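*Asks:* Sharing a structure here in structure tokens format.
The values are calculated or read from the model by the stated rules, or taken from the named source; none is laboratory data. Here the structure is a predicted model, which is why all the values come from computation and not from measurement. As a convention, Cβ positions derive from the backbone with ideal geometry for all residues, glycine included, and neighbour counts pool all protein chains shown.
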Amino acid sequence: MSTITKIQWTDHTFNPWVGCTKVSDLCRFCYAEVNTFTRKERARGRELWGPTAARHRTSQKLWDDVYKWDEAARVEGRRHKVFCASLADVAEDRPDLVPWRADLCDLIVDTPNLWWQLLTKRPQNLARLFKREALARSWVGYSGADPEGIRALLEAVPETGLRFLSLEPLLEPVDVRPFLRTVVMETQMAEYVAPGIDWVIVGGESGRHARPCDLEWIREVVGHCRTAGAPVFVKQLGARPYDHSDMCRGCPGCGTRECGAAYDLQLDHEKGGDPEEWPEWLRVREFPRCA
């Protein structure tokens, strides 16, 4: 729960606690709800998922490891990225999380050689629950595409922080253009307190219950970001990608998009996470300039 990670857009993952409550259809097949630690606790009679379930604070050793990462980053001369938290939501509003979140904020402030990547499905809670100094030193992301949620993220994060979107799983077309930093600055949209989204992560859903992801949806996100000069990171195509750009395989004589035909991509990587298997135009893994 506190380790060097296989997640391609970060260096480490740190979970200050474990457990959450689902808030949207994006959470339907949440991997964290069935991860190894959660299943073991469930088998012991301790549920960590749902509004009435407990939350588990991770060990002090795991918290102390973060200071080792900070020192290693200082020696290396490169700020390491820390994703917090893959097995919880840092902005879940519960009384038992108040002191733990305060400790997390102190940890963020005390590790200046790290980029903290805070990701939440509850951006409306950020300004109220987090110390402003912690948000100002972090990359703060919204896992979703609801315009109200994006606005809440933009308003919560101070100018010195970085704001990003995680469009994973991508289950439908999403137009990010109105919220990208350069677009907002050019149009001088006065209703935004913050200047806009600085970075976008996009990918399909993984797991045995994965829902389909059309490569056209990913292509549009990549194209919008490229046009606006915003960095975009294609993490994976998911376990059930399909392609409308090469239409009507097995449908000879048609050759049109209107028929709605598409073909599922057969990829060796179970999550569709190997860029070597992707169309070349999808092999985009960019980071903000400060990374």
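*Asks:* Counting only residues that are of a type in the set (G, A, S) and assigned to a strand (DSSP E or B), which one in segment 113-142 is farthest from S86 (Cα to Cα)?
*Replies:* Within segment 113-142, the first condition is being of a type in the set (G, A, S), and the residues that meet it are 127, 134, 136, 138, 141.
Right, trim to assigned to a strand (DSSP E or B) and you get 138, 141.
Details: S138: 16, G141: 13 Å.
Looking at residues that are of a type in the set (G, A, S) and assigned to a strand (DSSP E or B), I get S138.
*Asks:* Let me ask you something else. Out of the residues in segment 1-20 that are touching a helix residue (DSSP H, G or I) at 6+ places or on another chain (Cβ under 7 Å) and part of a loop (DSSP other than H, G, I, E, B), which is modelled with the highest pLDDT?
*Replies:* Top of the filtered list is P16.
*Asks:* Continuing with the same structure: Let me spell it out: the conditions are (1) part of a helix (DSSP H, G or I); (2) closer than 15 Å to Q117 by Cα; (3) modelled with pLDDT under 95, and V66 meets all of them except one. Which number is the exception?
*Replies:* Looking at each condition in turn, V66 falls short on (3).
*Asks:* Being assigned to a loop (DSSP other than H, G, I, E, B) and buried (at least 24 other Cβ atoms within 10 Å of the Cβ) is the filter here; which residues of segment 192-229 pass it?
*Replies:* G204, E205
*Asks:* Still on this structure, I have one more. Confirm whether K61 is loosely packed, with under 12 Cβ neighbours inside 10 Å and part of a helix (DSSP H, G or I). Quick ask: steps written out before the conclusion?
*Replies:* Working: loosely packed, with under 12 Cβ neighbours inside 10 Å: yes; part of a helix (DSSP H, G or I): yes.
For K61, the condition - loosely packed, with under 12 Cβ neighbours inside 10 Å and part of a helix (DSSP H, G or I) - is met.
*Asks:* State all residues of segment 36-54 that are within 14 Å of W17 (Cα to Cα) and not small (G, A, S); if no residue qualifies, say none.
*Replies:* F37, T38, E41, E47, L48, W49
*Asks:* On the basis of being in contact with a Pro (Cβ under 9 Å, 6 or more places away or on another chain), modelled with pLDDT of 95 or more and over 30 Å from D243 (Cα atoms), does L129 make the cut? Lay out the reasoning, then the answer.
*Replies:* On the way: in contact with a Pro (Cβ under 9 Å, 6 or more places away or on another chain): no; modelled with pLDDT of 95 or more: yes; over 30 Å from D243 (Cα atoms): yes.
No, not satisfied.
*Asks:* In addition: If you check P123, P112, which single one turns out to be crowded, with 22+ Cβ neighbours inside 10 Å, over 26 Å from P241 (Cβ atoms) and modelled with pLDDT of 95 or more?
*Replies:* On the way: P112 fails: crowded, with 22+ Cβ neighbours inside 10 Å.
Unique residue meeting the criteria: P123.
*Asks:* Pick from R55, R44: which is of a type in the set (D, E, K, R), in contact with a Leu (Cβ under 7 Å, 6 or more places away or on another chain) and farther than 24 Å from K6 by Cβ? Reasoning before the result, please.
*Replies:* Working: R44 fails: in contact with a Leu (Cβ under 7 Å, 6 or more places away or on another chain).
Result of the check over R55, R44: R55.
*Asks:* What's the number of the only condition in (1) part of a helix (DSSP H, G or I); (2) more than 23 Å from E205 (Cα to Cα) that A53 fails to meet?
*Replies:* The failed condition is (1).
*Asks:* While we're looking at this one, here's another question. State all residues of segment 162-195 that are more than 14 Å from the chain's Cα centre (by Cα) and at pLDDT 90 or above; if no residue qualifies, say none. Quick ask: steps written out before the conclusion?
*Replies:* Start the filter on segment 162-195 by keeping residues that are more than 14 Å from the chain's Cα centre (by Cα), which leaves 171-195.
Across segment 162-195, the qualifying residues are L171, E172, P173, V174, D175, V176, R177, P178, F179, L180.
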